[in-house]
Amino acid sequence: MLGAILTQNTNWRNVESAINNLKKKNLLKPAQLNRISIGELKSLIRPAGFYNIKSDRVKIFVKYLCEQYKGDIGRVKKRETVSLRNEILGIKGIGPETCDSILLYALEKPVFVVDAYTKRVFSRHNIVDEDATYDEIQSVFEKNLNRDVKLFNEYHALIVQLAKDKCKNRKPVCETCPLFCIEE
């Protein structure tokens, strides 16, 4: 959950560094994060960038977990997906991609995560419109794939890898794209 918040507008390597800082201080549980000062949190998550904004978002999210679920992730996991998603989306600083990442990766809920990679790959292959909304893109996947946590997790990972290797933002390598070969 923490990773989903910290990865906003940065790369995963920077997030790993911030999480390692928290891990070294034994601060990965909601109750522990709820107790530390905002200043200490800022210094620990600094490698993730935008640490002033992200520290506030982490504190707000952790406060929510502690107040609503007594910091017990198991209690959160028992919640029904749609109402839990609406609840998490109501938290300041949590948008659809962050929310769905929390649901899929941390809470093991079958929700497809849409990111910039997903939109780029599938709009270039005319599967979704370039101006499609998050919900419209997510709907394409959720209507056409079995609602399965492992499937969604793996599918998203493959999309990310494809986008990094072939469907690059600048200078895509279309001639060796496995999806391009399928279209022919």
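Bear in mind these aren't lab numbers, they're just calculated from the coordinates by the rules spelled out. Everything numeric in this text was worked out from a predicted model, so none of it was measured. Ideal geometry is used to build each Cβ from the backbone, glycine not excepted, and the neighbour counts take in all protein chains shown.
Note on region 147-167: residues that are surrounded by fewer than 12 Cβ atoms within 10 Å (Cβ to Cβ) and charged (D, E, K, R) amount to 4.
Evaluate the following for L179: is it surrounded by 15 or more Cβ atoms within 10 Å (Cβ to Cβ) and part of a helix (DSSP H, G or I)? It is true that L179 is surrounded by 15 or more Cβ atoms within 10 Å (Cβ to Cβ) and part of a helix (DSSP H, G or I). Out of all the residues in region 138-153, is one or more basic (K, R), under 30 Å from Q68 (Cβ atoms) and free of Cβ contacts under 8 Å to residues at least 24 places away in the same chain? Among the residues of region 138-153, at least one is basic (K, R), under 30 Å from Q68 (Cβ atoms) and free of Cβ contacts under 8 Å to residues at least 24 places away in the same chain, which makes the answer yes. Among the residues of region 116-146, those that are surrounded by fewer than 18 Cβ atoms within 10 Å (Cβ to Cβ) and part of a loop (DSSP other than H, G, I, E, B) comprise H125, N126, I127, D129, E130, D131, A132, T133, L145, N146. Residues in region 11-44 that are of a type in the set (A, V, I, L, M) and within 17 Å of the chain's Cα centre (by Cα): V15, A18, I19.
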